[in-house]
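Peer 1: I have a structure I would like to understand better, so I am pasting it below and will then ask my questions one at a time.
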Amino acid sequence: MALGKVAVNALNLKQGPFPTVENYFLFIGECATNQDTLLYLNTDSDLDVELGAVDSELKRQVVAAKANAGQNWACAVIPLADGSLWDAAVDMAMNENVRVEAVVITTPVTAQADLTAMHAKALSLMATYGRRAFFIAAAVAIDPTPTTGQTWSTYIAAVNNLTDTLLADTVSIVPYIYDDAVGIYAGRLCNDQTSVADTPMRVATGTIVGQDQSTLPKDMDGIIYNNAHAKALNDQRFSVPAFYADYEGVYWSDGQMLDAVGGDYTVVENRRVVDKAARMVRIVLIGLVGDRRFNSTPIGEAWALSQLMRPLREMSRSTVFEGIPFPAELQPPKDGDIVITWVTKNEVEIFIKARPFDIPKDLTANIVLDLSAPTA
């Protein structure tokens, strides 16, 4: 007769929180202080100490990002002597295991090839590390020097050469309409009032911080930047400051990505929401490697579906308070939003549908008169 035997196992169901990189950006640019050093900054940081008391291209953008992001802001920063050497700085950050949602290059690009290189780097980070990140690039400011500078027409024509015909859907480019425009945009994307599913165009986020309509730049003829110039740049896929007649404050245009016409990633919120979902799905998939509970039987596939559905469920928790909706990043998943296909006995292909909410960006109201006679 066998002896009695008891064992107790503590099973790991992998229900812990997913690691998050959203709203955490890496800034790279020219600065004389702490060059070639990886800095970790947040709202408590003294930027005069970390980035020097003297103004610099990089410090100006980090200051603007901090102001426009508000509470809970944090970022990583690498100051360089030559901002065009950003590629090596990105590698340094990756080797230090720094995980970020976006890389902000504050030195203006000089040719379309610079944007192509950023797109290639984003794809390389995904291939090498499995890390998804998009790039924010800068374009030069207008030269307002009287008689020898640029008009808005010549400036817009010059910078349009950067984006014309280019496909780089992991890159967003911001011209220096303000001298801290890149930082404003980056901070607005990280604002604590918003989520990755929100557009930087969102007026409810508030006016941009640190600049106003009185500081809008002029061209060589003294013509002030206006919404006609904003539209011309927006049409060429630049992200720019914008404002509304008889409405106080300065806001922002769409967060444009350099995707092809008709692409899914022409706006930054689509890129961000899919990247966030993909990061979480990747963690789930790693946990499923070699797990025979995930098999081709109905119960095995049902169990795997419940694991894969978790990222979509977590991104779809909306709230309604006092009749005001606070929508989640995605709509709640439905049956059929995940499909599992067994290619071989060991190879599985999975299709997942992420459904963001609609965003009103072009609004029209029609008003009619009711002149009918009153009824008793």
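Peer 1: Within the stretch 187-210, how many residues turn out to be within 18 Å of Lys66 (Cβ to Cβ) and either touching a residue at least 60 places away in the same chain (Cβ under 8 Å) or open to solvent by less than 30 Å² (accessible area, probe 1.4 Å) (or both)?
Peer 2: Result for the stretch 187-210: 14.
Peer 1: Okay, next question. What's the number of the only condition in (1) surrounded by fewer than 18 Cβ atoms within 10 Å (Cβ to Cβ); (2) at pLDDT 95 or above; (3) hydrophobic (A, V, I, L, M, F, W, C) that Val77 fails to meet?
Peer 2: Among (1) surrounded by fewer than 18 Cβ atoms within 10 Å (Cβ to Cβ); (2) at pLDDT 95 or above; (3) hydrophobic (A, V, I, L, M, F, W, C), Val77 violates only (1).
Peer 1: Now for a separate question. Could you list, in sequence order, the residues of the stretch 49-70 that are open to solvent by 30 Å² or more (accessible area, probe 1.4 Å) and either over 16 Å from Gly210 (Cβ atoms) or in contact with a Leu (Cβ under 7 Å, 6 or more places away or on another chain) (or both)?
Peer 2: Scanning the stretch 49-70 gives Val49, Glu50, Ala53, Val54, Val63.
Peer 1: Please list, ordered by first then second residue, the pairs with beta carbon atoms under 9 Å, 6 or more apart or interchain, first in the stretch 36-48 and within 16 Å of Arg60 (Cα to Cα), second in a loop (DSSP other than H, G, I, E, B) and hydroxyl-bearing (Ser, Thr, Tyr).
Peer 2: From residues that are within 16 Å of Arg60 (Cα to Cα), the pairs are Leu39/Ser45.
Peer 1: Of everything in the stretch 362-376, what is among the polar types (S, T, N, Q) and at pLDDT 95 or above? Give them in sequence order.
Peer 2: Selection gives Thr364, Asn366.
Peer 1: Something else about it: Write out, first by first residue and then by second, each pair whose Cβ atoms fall under 7 Å of each other, whose residues are 6+ apart or on separate chains, and whose first residue, in the stretch 250-266, is surrounded by fewer than 18 Cβ atoms within 10 Å (Cβ to Cβ) while the second is among the acidic types (Asp, Glu) and at pLDDT 95 or above.
Peer 2: Gly263/Asp169
Peer 1: Considering only residues that are among the small types (Gly, Ala, Ser) and open to solvent by 60 Å² or more (accessible area, probe 1.4 Å), look in the stretch 1-43 and name the one that is modelled with the lowest pLDDT.
Peer 2: Filtering the stretch 1-43 for residues that are among the small types (Gly, Ala, Ser) and open to solvent by 60 Å² or more (accessible area, probe 1.4 Å), the one modelled with the lowest pLDDT comes out as Ala2.
The values are calculated or read from the model by the stated rules, or taken from the named source; none is laboratory data. All values derive from a computational prediction rather than experimental measurement. Here the Cβ is made from the backbone with ideal geometry for all residues, glycine too, and neighbour counts use every protein chain on show. Keep in mind that these areas ignore ligands, DNA and RNA; they rest on the heavy atoms of the full protein, side chains included. Shrake-Rupley method; radii C 1.70, N 1.55, O 1.52, S 1.80 Å.
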